[in-house]
Amino acid sequence: MQKHMADSTWSLVDAAPAATVAPRHSALVRITHWITALCLLALLLSGIEIVISHPRFYWGETGNPMTPSLFDLPIPASRPWVNTGYAFVLPDQNGWSRNLHFEAAWAVIFTGLAYVISGLFGGHLRKNLVPAGAGLTRRALSKDIANHLRFRRPDAAEAWSYNVLQRVTYLLVIFVLFPLAIWTGLAMSPAIVSVFPFLATVLGGLQSARTIHFFVSVLLVLFLLIHVIMVCRAGFSNRMRAMITGRAASRNENP
Amino acid sequence: MSNLSRRKLITTGLAATAGASGLAVAARLADRYGLIPPDHGGVYGAGTTLTYASHRLLTRHSLAREFAPSQISKAPFAKLRPFKNEAFSRMRDSGFVDWRVEVDGMVARPSSISLAELRSFPARSQITQLACEEGWSFIAEWTGVPLSHVLSAVGTVPEARYVVYYSIQPNWWHSIDMADALHPQTLLVHGMNGAELPIGHGGPLRLRIPRQLGYKSVKFITRLTITDSLERFKKGGNYSWYAGI
């Protein structure tokens, strides 16, 4: 029985056009990638909706329309009591925005946990993301940064393995930006902070947490933009195919 | 091959049945321990239920942060738009001496409590932050009678699960579960920063629930209804019923 199963699996692989297509991303990486992408878009859209109800930022514990701000976003607000300098008020969409924001936050937490736990035990993080695998040297890193700054088309080998800059960036997004977004988000929850006061006090207070949450979101948007631009430069259809079907076309016979 | 697919079918079926019954058991347990919020249905039900359930498990004995007198905001903000209400204007002109709170529903002694009586009840003062869902916040000292004191005075029945509280403003109410209603920091506030509660902040009487966002701290309280079901009380607005976030 076991042998029979193995045989049928192999014959399936053989039937596929193996000469030009090879496995690239595991099913887990692909599924978590697309759920995270969807959640990030939902979080950004709803986050923008929430922030326009009060586009002012403060530092410390408190801040409101009666106190000076750290900085103001140069946009109109969806509430009339915020002095933005604009003569009109945007429509208030906080109802569905808040619900969507927290639903997407829960989804991204579960997805992230599944990805990190399986990546730790399955070797994905060690093999594909730890920069040592691609030779973490200052030269390699500065070469990658220069290539990125010019949006230069990546070479063929990079279709099969992340370069050093990619590895460092992905690790920063996974282990710094997302956790920081979750931490600062929780620090804005009066109930969570009643159990873990340090979540807010370590950052300087509720309003500091909100301001950091905003800057982390800006960094995530920046990452998303560069990520999409580089995917387009590297060959949109092949990279999309790799992240959707798991298999990528190779230009050389033996990648 | 047919052997294989039959086996696959059976395992998938078993896994699906186990998963479904596991979920059903979890839902029954969650309901029994009060972990399901009234707005658990709909597209956003999953998120709001996860938040409510995890908070109910985590915040059982937690107290909202209290601050030092030096941290009280010099400029507490109130976003009150002027509203026309004859009953309110009349009572304001007579210094709110006629302000009363009706308490009804699942209580042993339905009551009508005057503002003077509420002020004579044992008061508690706490310096907590009011955080609005919009993003702004301020810190103030709030003085009032713990809601738990009023509830024990009227004698809530054991089946009671929620307290619905009404503003004098038409069609404006919210509700909380008994965990928050009996929480020591949940106050019927009549004083702020050492003076009477200003009208802008909900004077003469407002509810304060410092472990939830500001929209649950309804202003101008005139009625409390104790109930075991919120079916009759449609949620105010489309915001999450639980606002501990």
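Laboratory data are not the source of any read-out in this text; all were calculated from the coordinates shown. All values reported here derive from a predicted model rather than from experimental measurement. Neighbour counts are summed over all protein chains in view; Cβ atoms, including those assigned to glycine, are modelled from backbone coordinates with ideal geometry.
Some values worked out for this structure:
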{"read-out": "Cα lying deepest toward the dipole's positive end in the protein assembly as shown, options A:ALA248, A:GLY60, A:LEU149, charges on Cβ", "value": "A:ALA248"}
{"read-out": "Size of electric dipole in the protein assembly as shown: Cβ of Lys, Arg +1 and of Asp, Glu -1, about Cα centre, debye, nearest 20", "value": "1380 debye"}
{"read-out": "Choice from B:PHE121, B:PHE83, B:PHE233 showing the highest fluctuation, given a GNM over chain B with Cα pairs closer than 10 Å", "value": "B:PHE83"}
{"read-out": "Förster-model FRET efficiency, 56 Å R0, B:ALA116 and A:ARG138, C-beta, rounded to 0.05", "value": "0.15"}
{"read-out": "Within-13-Å neighbourhood charge of A:ARG150 [Cβ basis; K, R +1; D, E -1]", "value": "+3"}
{"read-out": "Karplus-derived 3J(HN,Hα), 6.51/-1.76/1.60, for each residue of region B:179-184, Hz, glycine and proline x", "value": "4, 7, 5, 8, 5, x"}
{"read-out": "Region B:5-66-region A:203-223 distance, computed between alpha-carbon centres (Å)", "value": "30 Å"}
{"read-out": "Antiparallel bridge percentage (DSSP; both residues within the protein assembly as shown; nearest 5)", "value": "90 percent"}
{"read-out": "MRE, 222 nm, helices only [DSSP H, n ≥ 4, -39500 (n - 2.57), over the protein assembly as shown, to nearest 500]", "value": "-14500 deg cm²/dmol"}
{"read-out": "Electrostatic dipole magnitude of region B:173-245 [Cβ: Lys, Arg +1; Asp, Glu -1; Cα centre; debye, to 20]", "value": "200 debye"}
{"read-out": "Nearby aspartates and glutamates by direct alpha-carbon distance to B:LYS8 (threshold 19 angstrom, same-chain neighbours under 8 apart not counted)", "value": "A:ASP7"}
{"read-out": "Given charges at Cβ of Lys, Arg, Asp, Glu: the protein assembly as shown dipole, positive-most of A:ALA37, B:PHE220, B:LEU29", "value": "A:ALA37"}
{"read-out": "Percent of Cα-Cα distances greater than 17 Å, calculated over region A:71-176", "value": "70 percent"}
{"read-out": "Nitroxide proxy distance, nm - points 7 Å out along Cα→Cβ at B:ASP31 and A:PHE151", "value": "5.5 nm"}
{"read-out": "q = 0.17 Å⁻¹: log10 I(q)/I(0) that the Debye formula gives for chain A, counting C-alpha atoms only", "value": "-1.35"}
{"read-out": "Residues whose placed amide H lies under 5 Å from that of B:ARG223, excluding near-sequence neighbours", "value": "B:GLU102, B:TYR166"}
{"read-out": "Distance between modelled label sites at B:ARG60 and A:THR245, nm, 7 Å Cα→Cβ extension", "value": "5.4 nm"}
{"read-out": "Calculated over chain B: convex hull of Cα atoms, volume per residue (Å³)", "value": "157 Å³"}
{"read-out": "Cα long-axis angle, helix B:45-58 against chain B (0 to 90 degrees, to the nearest 10)", "value": "70 degrees"}
{"read-out": "Cβ-defined net charge surrounding B:GLY13, 15 Å radius [Lys, Arg +1; Asp, Glu -1]", "value": "+3"}
{"read-out": "Spread of Cα-to-Cα distances over 10 Å intervals beginning at zero, given as percent, for region A:47-122", "value": "17, 33, 25, 15, 8, 1"}
{"read-out": "Chain B: angle of helix B:2-32 to the longest principal axis, Cα-based, in degrees nearest 10", "value": "20 degrees"}
{"read-out": "Leading residue at positive end of dipole, the protein assembly as shown (Cβ point charges), from B:LEU205, B:GLY95, A:GLY185", "value": "A:GLY185"}
{"read-out": "Simple spin-label estimate for A:ALA37 and A:SER161 in nanometres, 7 Å along Cα-Cβ", "value": "2.5 nm"}
{"read-out": "Calculated P(r) of the protein assembly as shown - Cα pairs past 36 Å, %", "value": "44 percent"}
{"read-out": "Between helix A:2-15 and chain A: long-axis angle, C-alpha atoms, 0 to 90°, nearest 10", "value": "90 degrees"}
{"read-out": "Magnitude of the charge dipole, region B:67-227, Cβ model with Lys/Arg +1 and Asp/Glu -1, debye to 20", "value": "260 debye"}
